[in-house]
Amino acid sequence: MRAGGIRGPERSVGWLFVAPAIVIITLFLVVPIGMALWVSFTAWNGQGSPFRSGVPMAGLDNYTGLLTVDSLARQDFMTSIRNNGYYVLIVVPAQTVLALFLALVVNQKLLRAKSFFRSAFYFPSVTSSVAISVVFLFLFTSTGAVNQLLALFGVTGPQWFADPRGVLHLLLGTVGLVDPDAPPAMLTGHSLLGLSWWEWLAGPSVAMCAIIALAVWTTSGTFMLMFLAALQNLPVQLDEAGLIDGAGPWQRLRYVTLPQLRPTLLLIVTLGLIGTWQIFDQVYVMSQGDPAKTTLTPAYLSYRTAFKDFDYGSGAAISFLLFVVIIAMTLLQRRLMRSGSEE
């Protein structure tokens, strides 16, 4: 028998087939990531090659400047984390619930024109995000369709992309708990990582709410297809058994359908977390971090720091810190959902 065994040729052929993919991934993913990691430890300004001998080394200064040093760089980074955190907190549940609802609707046996509704719900997901962002800019202008619709109900719409006020501040001011123009000294006098507690508790700004609406509308279609594929693969016998036992539609959905959708739900929430922490193009087109940095996100801050301020080391460091945040949030979410499943 040959040294490689009877499976030796198959193993060699397998490596031959995957070799092109390995080469492409290495050249266009692994190597650029390694180069960016090197840049994050330098003070490269974009002139010449970052790998030449004359490039000044910064060591961990780019990272400590964002995390521990009381500076404008840390304040901007923490502001972007706060903004993106509220964005994730709203978008991920909203797009997941909306996608499940749409999937349940288009999965109904008695629904007519199913193909039309499936295509209509999915269409925003395949449309250019830049084009949709421009359309939403017109919708959310002071005289746009959204404010015109609010006016029908006697509500005066805000200046969406010029209003930096946080919605939690507005809500607390509306119910009379605090005065947004004179916040409590207890919240303004104490800070965490460069931002006061009052700033951390601002909530998403009015401008960010418009971007949130855009994100939920454009991403729900993709996740709808995932839920729809999972629904169509569920055994109908369990649903029929629940119907025979006298369970109503809501009871069958809660106790029969949703438990079987848990793997798909885990996938969708994971993809949603990763995607929402990487938001860039909508911010770039619609606000560029304004007003008052209330739509600033880590991805856009990394771009602005590197390609506008020519501080490529700090820009790369922001990217890797964002990578750590995404990994941590994803692992935490998976642990929470799995523990809930076991219970």
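Hey, can you list the DSSP H helices of the chain whose Cα span along the axis is 30 Å or longer and whose average Kyte-Doolittle score is at least 0.5?
Helices meeting the span and hydropathy rule in the chain are 72-106, 206-232, 312-342.
Taking all protein chains as present, what is the carbon and sulfur share of the accessible area of region 105-201, in % to the nearest whole number, probe 1.4 Å? Intermediate values should be presented prior to the final figure.
Numbers: 4400 of 6530 Å².
The C+S portion of the solvent-accessible surface of region 105-201 is 67 percent.
For VAL175 and LEU27, compute 0.36 nm times the residue count separating them, minus their Cα-Cα distance, and round to one decimal in nm.
This chain segment gains 47.6 nm when fully extended.
What are the extents of the Cα atoms of region 202-265 along their three principal axes, listed from largest to smallest and rounded to whole Å?
Projected onto its principal axes, the Cα set of region 202-265 covers 50, 23, 16 Å.
If you bin the C-alpha pair distances of the chain every 10 Å from 0, what whole percents do you get?
Spelled out bin by bin, the chain gives 5, 18, 24, 25, 17, 8, 2, 1, 0 percent.
Please report the projected area of region 276-326's Cα convex hull averaged over all directions, in nm².
Directional mean of the projected Cα hull area for region 276-326 stands at 3.4 nm².
Enter the accessible area per residue of the chain (Å², integer; probe 1.4 Å; all protein chains in place).
Per residue, the chain has 58 Å² of solvent-accessible surface.
Of VAL31, GLY54, ALA19, which is farthest along the charge dipole of region 1-136 in the positive direction, counting Lys and Arg as +1 and Asp and Glu as -1 at C-beta?
Value computed over the given set: ALA19.
Got a sec? Charge dipole of region 63-134, +1 on Cβ for Lys and Arg, -1 for Asp and Glu; which of ALA73, LEU102, GLY85 is way out at the positive end?
Highest projection toward the positive end goes to LEU102.
For MET186 and LEU111, compute 0.36 nm times the residue count separating them, minus their Cα-Cα distance, and round to one decimal in nm. Don't jump to the answer; show the numbers that get you there.
Details: separation 75, 0.36 × 75 = 27.00 nm, distance 5.58 nm.
The span from MET186 to LEU111 would gain 21.4 nm if fully extended.
Taking the Cα centre of region 188-343 as origin and charging only Cβ (+1 Lys, Arg; -1 Asp, Glu), how large is the dipole, in debye to the nearest 20?
Working: 9 positive and 10 negative charges, 25 e Å.
Around 120 debye, computed over region 188-343.
The values are calculated or read from the model by the stated rules, or taken from the named source; none is laboratory data. Values in this document were obtained by computation on a predicted structure and should not be read as measured data. Note that we place each Cβ from the backbone using ideal geometry, even for glycine, and neighbour counts take in every protein chain shown. SASA here: full protein model, heavy atoms, side chains in, ligands and nucleic acids out. Shrake-Rupley method; radii C 1.70, N 1.55, O 1.52, S 1.80 Å.
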